[in-house]
Amino acid sequence: MEAQAAGHGQVYQVGQGTQHIVHHHYGTGFPAPLALPDLRLWIARLAEDYGTIVRSGEGPSGRREAAGHRRQLERLGHELDGSAGRGDGKNQLRRLLAAGAVQYLGLASSVPSDPLPEQLMLDLAVFALWPVVVTPDLPDDWQDHLAELTAPRVAMLVRQVRELGVRGKSVAPENFGRTLAEKPFAQGVLALLEDLADPKGGGACLTAMSLAGRVTAPPQKAGAKAVLTWLFAAGAGAAAATEGPDLVERVWRWLQDTARGAAPRSGGGLGDSGYDDDPDRHRGGGHGRHSHLAGAESAMGPPGSGSGGQGGFADFIDDLFS
């Protein structure tokens, strides 16, 4: 296995084909996924801000569109605080994934120079999945929906982490990322990007959150690559500013090549979690509702503003805690 390390943080291997060594930035002053209390507060703040934007006439011109965005934010808030009820489970998962993916914009403002594609996509996967990991109440069939929106092995790993929480074991984002790196996660990221590009899918909540944060709305019906480009451009990270389209092309090529060549792996897992690596077993598990990652809220604070570029999204997250 060829090895290459760059940037900051702890280094570990990605177990997909011939991969490089990648790392997470968490705990080194770089952004980390929001803990559940901060995530709830942030979404509540976004809903309030969006109302202010609409009342000031800065929002969408159509009342129906504005009302749809407001509903997305309100429903996401209910899902995070456990009051969502038993609505459309798949759309609940979509909103949680969008809430994680949009936080990645804060990380994109502080990626190291010359980043590895697998490093960036692993970070995106961790950020997108973390709200699903820490949200207390999920629909009974949440794992099936997550498997469809990402990949079966990704969904199974999330279930295992949630069940560890039920057993009183804390899993930090970095440890979750380390284990995810051993899985063939590229297909899951591609599927996630495709859904985020769908205005009737995850793109609905992604757009609402972006507009509420005064960030350029993501492209719609333009495909996964367009959303990937938007993530880097909106985050305005140093790497994106210097490499521009070349960075997107390298990451996109890695995603496609790795997804096509992804093969099932045996072993891996979360130490003594007690589960095998068969994605077709225990579907819909994770104790469904009332399952959560006990103590999973990271001791690290909310995403920082990073440096370089426009800094719009990172500043808007920071403003919540100022």
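The values are calculated or read from the model by the stated rules, or taken from the named source; none is laboratory data. None of these values were measured; they are calculated from a predicted model. Cβ: placed from backbone, ideal geometry, glycine included. Neighbour counts: every protein chain shown. Quick note on the areas: whole protein, heavy atoms, side chains included, nothing else; ligands and nucleic acids left out. Shrake-Rupley method; radii C 1.70, N 1.55, O 1.52, S 1.80 Å.
What is the local net charge at residue 95, summed over the other residues whose Cβ is closer than 9 Å to its Cβ (Lys, Arg +1; Asp, Glu -1)? Could you put the intermediate results ahead of the total?
Values: positive: 75, 94; negative: 79.
The answer is +1.
Got a sec to turn the phi values of the range 124-129 into Karplus ³J(HN,Hα) couplings, 6.51 cos²θ - 1.76 cosθ + 1.60 with θ = phi - 60°, whole Hz, x for Gly and Pro?
So the J values, rounded to whole Hz, are 4, 4, 4, 4, 5, 7.
If you roll a 1.4 angstrom probe over the protein chains with everything in place, what fraction of the accessible area of the range 93-227 belongs to carbon and sulfur, to the nearest %? Intermediate values should be presented prior to the final figure.
Working: 1560 of 3200 Å².
It is 49 percent, rounded to a whole number.
Could you give me the ³J(HN,Hα) list for the range 190-203, computed from phi with Karplus coefficients 6.51, -1.76, 1.60 and θ = phi - 60°, whole Hz, x at Gly and Pro?
Karplus-based 3J(HN,Hα) across the range 190-203 equals 4, 4, 4, 4, 4, 5, 5, 7, 8, x, 9, x, x, x Hz.
What residues have an amide H closer than 5 Å to that of residue 183, excluding those fewer than 5 places away on the same chain, when H is modeled at 1.01 Å from N in the peptide plane?
For residue 183, whose amide H was placed from the backbone, the distant partners under 5 Å are 15.
What is the Å³ per residue value for the convex hull set by the Cα atoms of the range 140-199? Walk me through the numbers on the way to the answer.
Details: hull volume 5.5 nm³, N = 60.
Hull volume normalised by residue count: 91 Å³.
Short version: ³J(HN,Hα) in whole Hz for each residue of the range 169-178, in order, from phi by Karplus 6.51 cos²θ - 1.76 cosθ + 1.60 (θ = phi - 60°), x for Gly and Pro, what are they?
9, 8, 10, 7, x, 5, 5, 4, x, 4
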